[in-house]
Amino acid sequence: MRHQRDEKELEVIRAIAGTAEDRPVTMLNLNRYTTEAGYPDGELYRAYMDGLIAFLPNVGAKILWRTPVFGRVVGDQTLHEVLAAWYPSHQAFLDLPKAPGAERNYSLRSEAVDYAAIHRCVGEDYGLGPIGEDE
């Protein structure tokens, strides 16, 4: 899997984690899968996704939604799926690699995900409906 960690952003997350400022956080995952994953119906993709759904609750997290990407209008990323994962805190996000089942989850992820970008977003008090209708 290709990815480049943003150490400055991870430092921000570490500085928030466990403090009075620590709040729920949504991580928006932009994923492109390997050919071997067989997205969206392949055995490897299904194993990864089923494992992720079972694994995230180990830190109190869950998948809010996921959707296929049909194409790109602007930019140069080719993606297969956008996935929103909610964590009860920044600390929970940091705890994920040490949670029970992490080794299996990260192994499947390394096989199934060719490219990922993860964006940190608000985790509470936001609506998902169209802007302007309920303002």
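Below are the figures for this structure:
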read-out: Length released on extending from ILE63 to ASP22, taking residue separation times 0.36 nm less the Cα-Cα span; value: 12.8 nm
read-out: Sorted peptide list for 59-66, 79-86, criterion being average Cβ within 10 angstrom, highest first; value: 79-86, 59-66
read-out: Structure-based [θ]222 nm, the chain - -39500 (n - 2.57) summed over DSSP H runs of at least 4, per residue, nearest 500; value: -8500 deg cm²/dmol
read-out: All-pairs Cα distance distribution in the chain, expressed in whole percent, bin size 10 Å; value: 11, 39, 36, 13, 1
read-out: The chain, relative contact order [Cα under 8 Å, separation at least 6], %; value: 42 percent
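No lab work stands behind these numbers, since they all come straight from the coordinates. These numbers come from a predicted model, not from an experiment. With ideal geometry, Cβ positions are generated from the backbone for all residues, glycine too; neighbour counts draw on all protein chains shown.
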